[in-house]
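Here's the structure we're looking at; comments come further down.
What follows is calculated from the coordinates using simple rules that are stated; it is not laboratory data. Predicted model only: the values in this text are computed from it and were never measured. Using ideal geometry, Cβ is built from the backbone for each residue, glycine included, and neighbour counts are taken over all protein chains shown.
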Amino acid sequence: MMTTSSLTHLQSLEAESIFIMREVVAECRKPVLLNSLGKDSAVMLHLARKAFHPAALPFPLLHIDTTWKFRAMYEYREHLARSSGMQMLVHINTEGLRQGINPITHGSQIHTDVMKTQALKQALDHYGFDAAFGGARRDEEKSRAKERIFSFRTAQHRWDPKNQRPELWTLYNTDKHNGESIRVFPLSNWTELDVWQYIRREAIPIVPLYFAAERPVVRRDGALIMVDDERLPLRPGETPERLTVRFRTLGCYPLTSAIESNATSLDEVIAELLHSSRSERHGRAIDHDDEASMEKKKQEGYF
Amino acid sequence: MDAESGPGLLRFITCGSVDDGKSTLIGRLLYDSKLLFEDQLAALSAASKKSGTRGDDLDFALLLDGLSAEREQGITIDVAYRFFATNKRKFIVADAPGHEQYTRNMVTGASTAELAVILVDARKGVLTQTRRHSYLVSLLGIRRIVLAVNKIDLVGYSQERFESLEREYRQFAEHTALRMTAIPMSAAEGDNVSERSRHMPWYRGPTLLQYLETVQLDAPAAGLPFRMPVQWVNRPHQDFRGYAGRIASGEIRAGDRAVALPSGRECRIERIVTWEGDLASAASGLCVTLTLTEDIDLSRGDVLAAADAPPPSADQFEATLIALHANAILPGRSYKMKIGSATVSAIVAPLKYKIDINSWQHLPAERLELNEIGVGELELDRPIAFEPYERSRELGGFILIDRITHDTVAAGMLHFALRRSQNVHWQTLDVNKQARAAQNGQRPGVIWLTGLSGAGKSTIANLVEKQLHAAGRRTYVLDGDNIRHGLNKDLGFTEQDRVENIRRVAEVSKLMVDAGLIVLVSFISPFRAERRAARALFGAGEFIEVFVDATLADVERRDVKGLYRRARSGQLKNFTGIDSPYEPPEQAEIHLDMSRLTLEQAVERVVEFMRRRQAEA
Ligand SMILES: Nc1nc2c(ncn2[C@@H]2O[C@H](COP(=O)(O)OP(=O)(O)O)[C@@H](O)[C@H]2O)c(=O)[nH]1
């Protein structure tokens, strides 16, 4: 514990995350920052720039592209790739693409497994990364609450929950055998509200989909799905309507639900969050598939 | 919460015995801080009706559910972290389940906590468990605790009961450094958690939440001058060299004089570099990058400190150790030690005692098993700058890592440096055998294994080396293979060549011992005179003759390499034991009777001998 009493909570969280990122760079051979193009990744990237300033980022960014992200996310990615001092790697599971795996015919489980989980393993093996930063937070759901900040993966990328190392103070044991790797979660102790407050404090650019605007959506199984391109087949009786919506999390557009909202600024988004009655992951299809789904996915190598 | 000016973050740990109401209390805090969403609430309400213990009311304990299922799957649950916030503060709660591995869990959770909430069941009072929790949190440096006297509804909101419990706890906590505030509450009903109870007009103190929101914590490192472990050297190009780190204590200003430790070199802070721009000063808790006006070379693991009040440096300490792994902590073994940003090699010396965490009594100990706590001495391979843990968690807390499995096997807290180490490293020594030996942290010597061909010398040498190596010793094995193929390529097996062979091996060993190594020689070396000549090259106690004593009948029966058969049939000349004599040692330091010892036992005898020898050093 640091003498945090004189710092605001955002300063404390920021310092903790920067400390973690520097620790990885000091101790690991070849780290990478996974960038899902969402708000948590944006915060991580911002923290990384601060951590290593004035040096450029000592690791590349990696985007696992399922090919089904929102168009606005791809625009944001291009913008990032053009910023100075940034190396953006993009990996697509071409084998999955060849097999025509997609979220519409195969459903969220198979699509996520092939295009995200398998793709991630391929990329990590291909580049030989031994540490990967991820933006997961412990407040996201129950199974994350007890995940370590430094989380070990076997050479097969499996998470062995029976064999986790205790984390005391800020002393992180990064020793590993050949082939093993670490997932590192610098935002472990941040909540959704912290992330938004920090984005506001630091004026961090994020994908505009987080702000309300009129967008074409269809109502499907209680969710609002945005018709982001022509690949989304309309079901009988479905006609896109134009609603003022925004997103709390971003993923593959056919699997991500919008919420009706008028929040067009960070202040409004934060105010809305404070009065919200729905949890963040409510809009993600993957969590509803199965009760213990996260736990299982993690053991199989999902981030 | 006002993010810009909030008074910050409070990390606390909750401790309680099973069913004292810990889950209910945390669930209630999350609920009351309005951090539960409709979908979570709906799930909770459904679960409460189905398996709750509170009729139609919400059973908050179910919010944190998941742990029992995990336990069945054998998942290591040490600590779960929960978050909530009010408009005054943000809170991180370390929730350590109170079952097996309790010590390990609590110690992990307490290591980052500034305060502990210890629950007692008003009906049961202060239990052995309560004392154990109190001991562990105070051991980890927590000074503030809230005694949450829970389930007060079940004793009729009795003031008398509450006050007697408070008195009882105070008596017991008297001889600890703990500062305690007792609060009567009902986690299930919500009394005095975030709302003042209507049932206890006699209670004038704060609710739990009021207390947590307003408590002023005196940081443990408060009062310590500037210290910053160098975490990473930022060197983007020739013209910039910055030292990145998190300030552990005190404050630093551009232009301040500082000292780099353990080298002791003085320097001046040139700039305090951050992404937002240079700062004029920076205080404890912040991550910064410092540049120096002097061109001195620092690396990760060094500490920058206030020049007029630097921390001490030492390489031998007394420390508390807590075993965190199923593999016990063994004295004599060498571990990797992480402290601050430094990684060093540490040997645990024989333990002074272990602590019974129920009675706080000292018991004798040979080793520390999982969840045991003990006090012992540590010997490092080089000096480090440190503070006693009591004064600084950052410069006094450490972990030990197993060199082979890479597991974190212990946590520890430095007490103080041992006298004998403090003055030594400042003197410049002549680089001689003693200096090299000290640098290697070991007593050099040669382990000379003699015996018949096939007796097991090389196997024993290799296994002994492995164990010495694992214990952090610097070793080298000389045997027929690596010597006869190179240095002694020109020698055969005549008596004269055998003598020369041994002479050269003895001389090479001598050089290696002079370099501070432990050398294992495994040669038949059949003649007493040559072994005596070899011994004469070394100082007292440096030559350890090991007689690997196997009978000719045994080795000939096994004849692993088929050499005896070839010797008997006359294909090999001058073969020891057949047509060349073997003269057994008269007073070997170690006599291994291979007809009675297993290989493991033989190896252990040698390793044990070396361990004692090192300890006497
Ligand atoms: N009457 C009463 N029951 C409580 C109170 N706090 C917890 N309980 C009940 O005690 C039981 C154990 O609580 P739980 O929170 O699971 O305990 P834990 O094992 O410490 O996490 C549950 O049935 C709770 O509903 C309280 O203040 N009053």
Problem - Fully extended contour minus Cα-Cα distance, from B:L572 to B:L418, at 0.36 nm per residue - result: 49.5 nm
Exercise for the section: Starting from 0 in steps of 20 Å, tell me what percent of the Cα-Cα pairs of chain B lands in each bin. Expected result: 16, 37, 28, 15, 4, 0
Problem - Given charges at beta-carbon only (K, R positive; D, E negative), |dipole| of the protein assembly as shown in Debye - result: 1240
Exercise for the section: Pop a pseudo-label 7 angstrom from the Cα along the beta-carbon direction at both B:R532 and B:K352 and give the gap in nm to one decimal. Expected result: 4.9
Practice task
Within 10 Å of each Cβ in peptide A:129-140, how many partner chain Cβ atoms are there on average? Round it to a whole number, please.
Solution key: 1
Fill in the blank from the handout: Burial-style ranking of A:21-34, B:156-169, average other-beta-carbon count within 10 Å with highest first, yields A:21-34, B:156-169
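State the antiparallel share, in %, of DSSP beta bridges confined to the protein assembly as shown, rounding to the nearest 5.
65
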Exercise for the section: Would you mind putting B:235-242, A:41-48, B:122-129, B:190-197 in packing order, based on average other-beta-carbon counts within 10 Å, highest first? Expected result: A:41-48, B:190-197, B:122-129, B:235-242
Exercise for the section: Considering Cα pairs under 8 angstrom that are at least six residues apart, work out the relative contact order of the range B:282-407 and quote it in whole percent. Expected result: 30
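Order of B:8-19, B:361-372 by packing, highest average Cβ count within 10 Å first?
B:8-19, B:361-372
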Practice task
Would you mind giving the three semi-axes, in whole Å and largest first, of the ellipsoid equivalent to the range A:91-163 according to its Cα gyration tensor?
Solution key: 25, 17, 10
Completion exercise
Once normalised by the length of chain B, the mean sequence separation of its alpha carbon contacts under 8 Å that are 6 or more apart gives a contact order in percent of 9
Exercise for the section: Please give the average number of partner chain Cβ atoms lying within 10 Å of the Cβ of each residue in B:278-290, rounded to a whole number. Expected result: 4
Exercise for the section: Just the number, please: percent antiparallel of the DSSP beta bridges in chain A, rounded to the nearest 5. Expected result: 65
Handout entry: Sites matching trypsin sites (Lys or Arg not before Pro) across the range A:190-255 that sit in DSSP coil, with at most 14 neighbouring C-beta atoms within 10 Å
Key = A:R231
Practice task
Taking only the C-alpha atoms, wrap a convex hull around the range A:216-261 and report its volume per residue in Å³ as a whole number.
Solution key: 71
Handout entry: Hydrodynamic radius by Kirkwood, which averages 1/r over all alpha carbon pairs of the range A:97-254, in angstrom
Key = 18.9
Exercise for the section: Report the FRET efficiency, 1/(1 + (r/R0)^6), for B:D554 and B:E495, where r is their Cβ-Cβ distance and R0 is 25 Å, rounded to 0.05. Expected result: 0.50
Practice task
Taking a cut-off of 12 Å between Cα atoms, list the aspartates and glutamates near B:K510, but don't count ones fewer than 8 places away on the same chain.
Solution key: B:E542
Practice task
Determine the percent antiparallel among the DSSP beta bridges restricted to the range A:97-189, to the nearest 5.
Solution key: 65
Exercise for the section: Round to the nearest 0.05 the FRET efficiency obtained for A:A155 and B:R179 when R0 = 60 Å and r is the Cβ-Cβ distance. Expected result: 0.75
Handout entry: Helix-only mean residue ellipticity at 222 nm for the protein assembly as shown, each DSSP H run of n ≥ 4 adding -39500 (n - 2.57), per residue, nearest 500
Key = -8500 deg cm²/dmol
Practice task
Determine which residues of the range A:79-97 fall in the zone a paramagnetic label at A:D229 would reach in this model, i.e. backbone nitrogen under 15 Å from the point 7 Å along Cα→Cβ.
Solution key: A:92-93, A:97
Problem - Within straight-line cross-link reach of B:K561, lysines at Cα separation under 27 Å, skipping those fewer than 8 residues along the same chain - result: B:K457, B:K466, B:K489, B:K573
Handout entry: Violating pairs (Cα-Cα greater than 28 angstrom) within the set A:K39/A:K176; B:K22/B:K49; A:K30/A:K146; B:K88/B:K124; B:K22/B:K50
Key = A:K39/A:K176; B:K88/B:K124
Practice task
Can you quote the Å³ per residue value for the convex hull of the Cα atoms in chain A, rounded to an integer?
Solution key: 139
Exercise for the section: Ratio to report: Rg/Rh of the range B:472-617, with Cα atoms as the point set and Rh obtained by the Kirkwood method; give two decimals. Expected result: 0.96
Problem - Whole-Å distance, taken between Cα centres, linking the range A:198-258 and the range B:515-578 - result: 81
Handout entry: Sequence-separation-based contact order of the range A:122-195, relative, with Cα cut under 8 Å and 6+ spacing, percent
Key = 47
Exercise for the section: Run the quick spin-label model on A:R98 and B:R596: label points 7 Å from Cα toward the beta carbon, then report their separation in nm to one decimal. Expected result: 7.0
Handout entry: Nitroxide proxy distance, nm - points 7 Å out along Cα→Cβ at A:E241 and B:E589
Key = 9.0
Handout entry: Max mean-square fluctuation residue, GNM over chain A, Cα-Cα springs under 10 Å, options A:A51, A:A203, A:A72
Key = A:A203
Completion exercise
Computed on Cα atoms, the radius of gyration and Dmax of the protein assembly as shown in angstrom are 32.5, 106
Fill in the blank from the handout: Per-residue average of other protein chain Cβ atoms inside 10 Å, peptide A:18-29 -> 4
Practice task
Could you estimate the translational diffusion coefficient of the range B:453-533 from the Stokes-Einstein equation, with Rh from the Kirkwood formula over C-alpha pairs, at 20 °C and 1.002 mPa s, in whole µm²/s?
Solution key: 160
Handout entry: the range B:359-412: chymotrypsin sites (Phe, Trp or Tyr not before Pro) in DSSP loop, at most 16 other beta carbons within 10 Å
Key = B:W360
Handout entry: For the range B:109-232: span of alpha carbons on each principal axis (Å, largest first)
Key = 57, 29, 22
